[in-house]
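Notes to accompany the following structure.
The values are calculated or read from the model by the stated rules, or taken from the named source; none is laboratory data. As the structure is a prediction and not an experimental result, all values here were calculated from the model. With ideal geometry, Cβ positions are generated from the backbone for all residues, glycine too; neighbour counts draw on all protein chains shown.
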Amino acid sequence: MATPPTETPRSELLALIMREHRDALVSYAEKMLSDHGLAEDVVQETLVRAWRNADRLLAMDGSLRGWLFTVTRHLVVDWVRKPHTRREVVGATYHDPASAAGGVEGVHDAMVTLPSLRLLSPEHRAVLIHIYLCDRTIKETAAILGVPAGTVKSRQHNALRKLRRALRPEAA
């Protein structure tokens, strides 16, 4: 009977990371993201990067744990800054403007307002979409867009002012 092959340094490194660092990495990512499933995904990508860089990590003089936490943090920041990122809560309800109070008026307002969003810069439009269409707070919007809350407030104010001028020129 043949003896099983010995583990490669790469697989030993991955086993070490899983055994000694995985739980701490998931906890770290979850604290930043407030989403356990997403934290698991981020740590999975961290492990993939460790696998790809195993030779360098094995020869490294510095801290493996520090490298892992740095990669995890960079992945979280990259994810939060993605402009196309949409955070959805399972079980969230969709509010159809036509079924809300004033149904026809709501649809009319949406038909008039939504095309006007094209007048705004992408940054201003993103703020309004996150705050009003996705029903997010200023703090949540700031985290998603990767800008300070004050910047979100300023963009919201300026975007609304520009929309008011576009929709009712006499109100400006």
The number of residues in the range 21-40 that are of a type in the set (Asp, Glu) and in contact with a Leu (Cβ under 9 Å, 6 or more places away or on another chain) is 1
Among the residues of the range 24-63, write down those that are polar (S, T, N, Q) and under 30 Å from Ala142 (Cβ atoms).
-> Ser27, Ser34, Gln44, Thr46
Close pairs (8 angstrom Cβ cut-off, 6 or more residues apart or separate chains): within 11 Å of Leu13 (Cα to Cα) in the range 43-57, of a type in the set (Gly, Ala, Ser) anywhere | Leu57/Ala50
Within the range 142-151, residues being β-branched (Val, Ile, Thr), out of contact with any Ser or Thr (no Cβ under 8 Å at 6 or more places or on another chain) and within 17 Å of Val76 (Cβ to Cβ) number 1
Inter-residue pairs, beta-carbon under 7 Å, first in the same structural domain as Val127 (by TED's automatic domain parsing) and in contact (Cβ under 8 Å) with a residue 40 or more places away in the chain and in the range 149-165, second among the small types (Gly, Ala, Ser) and assigned to a helix (DSSP H, G or I), 6+ apart = Leu163/Ser116
Across the range 19-64, what is the number of residues that are of a type in the set (Asp, Glu), farther than 20 Å from Asp78 by Cβ and either in a helix (DSSP H, G or I) or within 22 Å of the chain's Cα centre (by Cα) (or both)?
-> 3
